[in-house]
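None of the figures in this text is laboratory data; all of them are computed from the coordinates on show. Since this is a predicted model, take the numbers as computed values, not measurements. A quick note on method: Cβ atoms are made from the backbone with ideal geometry, for glycine too, and the neighbour counts reach across all protein chains shown.
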Amino acid sequence: MLSKNDGKVVTPQLKHEILMNLGSGLGDRGNVVMMRLDDTDLKQIDALVEVEAFRGRSEAVAFLVKQGILAHKHFFEKIMPTFEKIRELEEQAKSEPGKKEHASSEVTKWLRKKRE
């Protein structure tokens, strides 16, 4: 069954399928990220908005980013401990005045050791 809305043809099944995949997975989207896209990607995002699968580009892109992260979960599980260790060392450097250079060299040493 098709419904018309200002010349747009939307299948309720398609809309339902995309929205079901979306679910509540986007959560609180309080962070703003500026990005550049090529024309082909933008056209595909606009298509999702045109068929009313999403309310706007931002929502569509947030969904696609979330799906990309979930699809590469194994990669993020691998890098997150390193990321968290770097952040920990940076916080230590901030809390110890005059030791910033030392902490920076410690991060470098730690990263080299991880790569071996």
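Can you compute the modelled spin-label distance between ASP39 and GLU84, with each label point 7 Å from Cα toward Cβ, in nm?
So the two model labels end up 4.5 nm from each other.
Can you give the extra length, in nm with one decimal, that the chain gains between GLN92 and ARG57 once fully stretched, where that is 0.36 nm per residue apart less the Cα-Cα distance? Can you show the working numbers first?
Values: separation 35, 0.36 × 35 = 12.60 nm, distance 3.91 nm.
Extra length from GLN92 to ARG57 when fully extended: 8.7 nm.
For the cross-link pairs LYS78/LYS109; LYS73/LYS114; LYS66/LYS109; LYS78/LYS113, which exceed 26 Å when the distance is taken from alpha carbon to alpha carbon?
LYS66/LYS109
Using per-residue counts of other Cβ atoms within 10 Å, averaged over each peptide, order 49-59, 29-39, 80-90 from highest down. Please list the in-between numbers first.
Details: 49-59: 15.3, 29-39: 7.3, 80-90: 12.1.
Highest to lowest by the protection proxy: 49-59, 80-90, 29-39.
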